[in-house]
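**Q** Could you have a look at this structure, given as structure tokens, before my questions?
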Amino acid sequence: MKYLSTRGDATPRGFSEILLEGLAPDGGLYLPTRYPKIDAATLARWRSLKYHELAFEILSLYIDDIPADDLRRLVTDTYTPAVFGTDLITPLKPLEPGLSLQALSNGPTLAFKDMAMQLLGQLFEYELARRGRRLNILGATSGDTGSAAEYAMRGKKGVNVFMLSPHGRMSPFQQAQMFSLQDANIHNIAIEGVFDDCQDIVKAVSNDLAFKREHHIGTVNSINWARLLAQVVYYFAGYFQATRSNDEMVSFAVPSGNFGNICAGHVARMMGLPIRRLVLATNENNVLDEFFRTGTYRVRGSAETHETSSPSMDISKASNFERFVFDLLGRDAQRTRSLFKDEVEQRGAFTTSADEFTRIAGFGFVSGSSTHADRLATIRDTWQRCGTMIDTHTADGLKVAREHVEPGIPMIVLETALPAKFAETIVEAIGREPDRPAALHGIEALPKRFKVMPVSAEAVKAYIHQNAGP
Ligand SMILES: *Cc1c(COP(=O)(O)O)cnc(C)c1O
């Protein structure tokens, strides 16, 4: 399998070549040259596989430059009950007939990003060893992504993580999660500023190409193809649990921000998984809902980006969205380039033609959005009627899912985080603290390891230089 860029660079690249990369050189995103089609016999065979076996089968279709035995070992080491809590790895939790949650948040940081990031940690360590290389991952986080990356990369050979976060602005729980890591290769840098300052520093360091090259600076952001690919697996796993035979269809509802999670659902559907609807849910930051309702994609400035109680969906533009648009446009790279480079980058928006807009239905997408009041109501209702406590992001998904339920089609809502991470809103909704997994009791009291720094790219560079290793 080879990969191409959504903006026209068709240099054939293998999986290992794009694994450690972010954007393609022409500014586009990598996609496989085609989506392998799963025939009925294969789908029937996959139904009885364990999660790690299923993951191996799916990944093998997209990765042909890692020997099969090695890939099997990496995947088997990743998806274990010890890390993800159950044999099923992503079990369904029925809420009522025809409606269930798929638990994706039982990894170490209690959010679905662990599903992909844990595999990425294994793949990075493997590929860096194979090439005799090192990688210094630099990132900025306001909470979720940073901790998932740190827990995936901790102790991994050949990798250091330098994670910037706004000093004193994360919740005590989030700080404890990240700063309690004592691994020598994990570096928490608390910047005396806000999240945007952290992001600006990452950009400034990455734009210093000489520094970047010399220190092997890389990222683990959500446009990484391997992350997306790892997420395809749980759509298959959810489908097999919700159905008895492969003639049945299901729908998935996905709390969305950067369009990574639901894009994996799109890939699964393109492979032939019988998905009827992909229900995209946003919070008040409804860039994507607006697109699927109107055909206009208009990115927002920071003044127009709301801080909400489902903060991991507070995005102003959706970094993976170009992948879907490329497919929507019949893989016309020139048109994709013109929409994203000429229109979004210059004017901040594009509108599809009427003909392009009508094609969306053929891809199964529908959408909706949710507000803080909706989240409170959904959390309360789910607790009172089903006895299940859900987090704020999952609540956005469930609220919109209910608007798109169809008789006879099971609806699966992806549970993207556990309520323990968002205690404040849970208390507001139901008047009690969420339960915390036993392993995380008392983490706020653990010793913390982090370095406070001013808003200065130079200070961060100096720190990386001292700690990046040979
Ligand atoms: C990252 C995240 C999302 C959004 O996922 P995307 O892949 O960016 O669309 C939703 N919920 C939670 C809890 C997250 O951490």
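The values are calculated or read from the model by the stated rules, or taken from the named source; none is laboratory data. In this text the structure is predicted, and so the values were computed from the model without any measurement. Virtual Cβ from ideal backbone geometry, glycine too; neighbours counted across all protein chains shown. For accessibility, only protein heavy atoms count, side chains too; no ligands or nucleic acids. Shrake-Rupley method; radii C 1.70, N 1.55, O 1.52, S 1.80 Å.
**Q** Just checking, does the range 416-431 include any residue being of a type in the set (A, V, I, L, M) and open to solvent by 50 Å² or more (accessible area, probe 1.4 Å)?
**A** Filtering the range 416-431 for residues of a type in the set (A, V, I, L, M) gives 417-418, 420, 423, 426-427, 429-430.
Still in the running and open to solvent by 50 Å² or more (accessible area, probe 1.4 Å): 427.
Yes, that holds for at least one residue.
**Q** Among the numbered conditions (1) of a type in the set (Ser, Thr, Tyr); (2) away from the ligand (no atom under 16 Å from the Cβ); (3) under 21 Å from residue 336 (Cβ atoms); (4) open to solvent by less than 10 Å² (accessible area, probe 1.4 Å), tell me where residue 239 comes up short.
**A** That leaves (3) as the condition not met.
**Q** How many of the residues making up the range 230-271 are assigned to a loop (DSSP other than H, G, I, E, B), touching a residue at least 40 places away in the same chain (Cβ under 8 Å) and not polar (S, T, N, Q)? Lay out the reasoning, then the answer.
**A** The initial filter retains those residues of the range 230-271 that are assigned to a loop (DSSP other than H, G, I, E, B), namely 243-249, 256-259, 271.
Then keep just the ones that are touching a residue at least 40 places away in the same chain (Cβ under 8 Å); that gives 243, 246, 248-249, 256-259, 271.
So of that shortlist, the ones also not polar (S, T, N, Q) come out as 248-249, 257, 259, 271.
So the answer is 5.
**Q** Still on this model: List the number of the failed condition for residue 279; all other conditions in (1) outside any strand (DSSP E or B); (2) away from the ligand (no atom under 11 Å from the Cβ); (3) β-branched (Val, Ile, Thr) hold.
**A** It is condition (1) that residue 279 fails.
**Q** Out of the range 169-225, which residues are within 16 Å of the ligand (Cβ to nearest atom) and closer than 19 Å to residue 459 by Cβ? First the steps, then the outcome.
**A** Of the residues in the range 169-225, the ones within 16 Å of the ligand (Cβ to nearest atom) are 170-171, 173-174, 177-178, 195, 199, 219-225.
Correct list: 195, 199.
**Q** Another question, if that's okay. Taking helices (runs of 4 or more DSSP H) that fall entirely within the range 104-219, which contain at least 3 residues that are buried (at least 20 other Cβ atoms within 10 Å of the Cβ)?
**A** Numbers: elements: 113-131, 144-153, 172-179, 195-207, 209-214.
Hits in the range 104-219: 113-131, 144-153, 172-179, 195-207.
**Q** If I filter the range 30-53 for residues that are assigned to a strand (DSSP E or B), in contact (Cβ under 8 Å) with a residue 12 or more places away in the chain, under 20 Å from residue 242 (Cα atoms) and open to solvent by 60 Å² or more (accessible area, probe 1.4 Å), do I get at least one hit?
**A** Applying the first criterion (assigned to a strand (DSSP E or B)) to the range 30-53 yields 30-32.
So of that shortlist, the ones also in contact (Cβ under 8 Å) with a residue 12 or more places away in the chain come out as 30-32.
Next, from what is left, pick out any that are under 20 Å from residue 242 (Cα atoms): none.
No, the conditions are met nowhere in the range 30-53.
**Q** If you take the residues of the range 310-327 that are of a type in the set (Ser, Thr, Tyr) and surrounded by 24 or more Cβ atoms within 10 Å (Cβ to Cβ), which of them is nearest to residue 195 (Cα to Cα)? Steps first, answer last, please.
**A** Narrowing the range 310-327 to residues of a type in the set (Ser, Thr, Tyr): 310, 312, 316, 319.
Next, from what is left, pick out any that are surrounded by 24 or more Cβ atoms within 10 Å (Cβ to Cβ): 310, 312.
Details: 310: 16, 312: 13 Å.
Filtering the range 310-327 for residues that are of a type in the set (Ser, Thr, Tyr) and surrounded by 24 or more Cβ atoms within 10 Å (Cβ to Cβ), the one nearest to residue 195 (Cα to Cα) comes out as 312.
**Q** Which residue pairs have Cβ atoms under 6 Å apart, sit 6 or more places apart or on different chains, and have a first residue in the range 80-97 that is without any contact (Cβ under 8 Å) to a residue 12 or more places away in the chain and on the phi > 0 side of the Ramachandran plot and a second that is open to solvent by less than 70 Å² (accessible area, probe 1.4 Å) and part of a helix (DSSP H, G or I)?
**A** From the range 80-97, no pairs qualify.
**Q** Limited to the range 243-268, what total is found for residues that are open to solvent by 20 Å² or more (accessible area, probe 1.4 Å) and within 16 Å of the ligand (Cβ to nearest atom)?
**A** Start the filter on the range 243-268 by keeping residues that are open to solvent by 20 Å² or more (accessible area, probe 1.4 Å), which leaves 244-249, 258.
In the following step, the residues that additionally are within 16 Å of the ligand (Cβ to nearest atom) were identified as 258.
Total satisfying the criteria: 1.
**Q** Any idea which residue in the range 328-340 is nearest to residue 30 (Cα to Cα), counting only those that are open to solvent by 40 Å² or more (accessible area, probe 1.4 Å) and in a helix (DSSP H, G or I)? Before you say what the answer is, go through the steps one by one.
**A** As a first pass, look at the range 328-340 and keep what is open to solvent by 40 Å² or more (accessible area, probe 1.4 Å): 330-332, 334-335, 337.
Add one more test, that the residue is in a helix (DSSP H, G or I), and what stays is 334-335, 337.
Numbers: 334: 15, 335: 16, 337: 13 Å.
Per the stated criteria, the residue is 337.
**Q** Okay, next question. Identify the residue in the range 313-356 that is among the hydroxyl-bearing types (Ser, Thr, Tyr) and within 16 Å of the ligand (Cβ to nearest atom) and, among all such residues, is modelled with the highest pLDDT. Working first, answer last.
**A** Here is the first cut: in the range 313-356, the ones among the hydroxyl-bearing types (Ser, Thr, Tyr) are 316, 319, 336, 338, 351-353.
With within 16 Å of the ligand (Cβ to nearest atom) added as a condition, the list becomes 316, 319.
On the way: 316: 87, 319: 90.
Going through the qualifying residues, I end up with 319.
**Q** In addition: Is it true that residue 227 is open to solvent by 70 Å² or more (accessible area, probe 1.4 Å) and assigned to a helix (DSSP H, G or I)?
**A** On the way: open to solvent by 70 Å² or more (accessible area, probe 1.4 Å): no; assigned to a helix (DSSP H, G or I): yes.
So residue 227 fails the test.
Yes/no per residue for (1) more than 13 Å from the ligand (Cβ to nearest atom); (2) of a type in the set (Val, Ile, Thr):
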{"position": "363", "(1), (2)": "yes, no"}
{"position": "379", "(1), (2)": "yes, yes"}
{"position": "383", "(1), (2)": "yes, no"}
{"position": "386", "(1), (2)": "yes, no"}
{"position": "398", "(1), (2)": "no, no"}
{"position": "412", "(1), (2)": "yes, yes"}
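**Q** Hey, among the residues in the range 282-309 that are open to solvent by 20 Å² or more (accessible area, probe 1.4 Å) and assigned to a strand (DSSP E or B), which one's farthest from the ligand (Cβ to nearest atom)?
**A** This residue is 296.
**Q** Looking only at the range 446-467, which residues are of a type in the set (Val, Ile, Thr) and open to solvent by 50 Å² or more (accessible area, probe 1.4 Å)? Write out each step before concluding.
**A** Filtering the range 446-467 for residues of a type in the set (Val, Ile, Thr) gives 452, 455, 460, 464.
Scanning the range 446-467 gives 452, 455.
**Q** Another question about this same structure. Taking the criterion of being more than 24 Å from residue 111 (Cβ to Cβ), open to solvent by 10 Å² or more (accessible area, probe 1.4 Å) and outside any helix (DSSP H, G or I), would at least one residue in the range 376-398 satisfy it?
**A** Here is the first cut: in the range 376-398, the ones more than 24 Å from residue 111 (Cβ to Cβ) are 384-385.
With the extra rule that they be open to solvent by 10 Å² or more (accessible area, probe 1.4 Å), the set shrinks to 384-385.
Subsequent filtering for residues that are outside any helix (DSSP H, G or I) retains none.
No - not one qualifying residue is present in the range 376-398.
**Q** Next question, about the same structure. Please name all residue pairs, on different chains or six or more residues apart, with Cβ atoms under 7 Å, provided the first residue is in the range 329-349 and is in contact (Cβ under 8 Å) with a residue 40 or more places away in the chain and the second residue is open to solvent by less than 80 Å² (accessible area, probe 1.4 Å) and of a type in the set (Asp, Glu).
**A** Within 7 Å, the pairs are 336/322; 340/322; 349/343.
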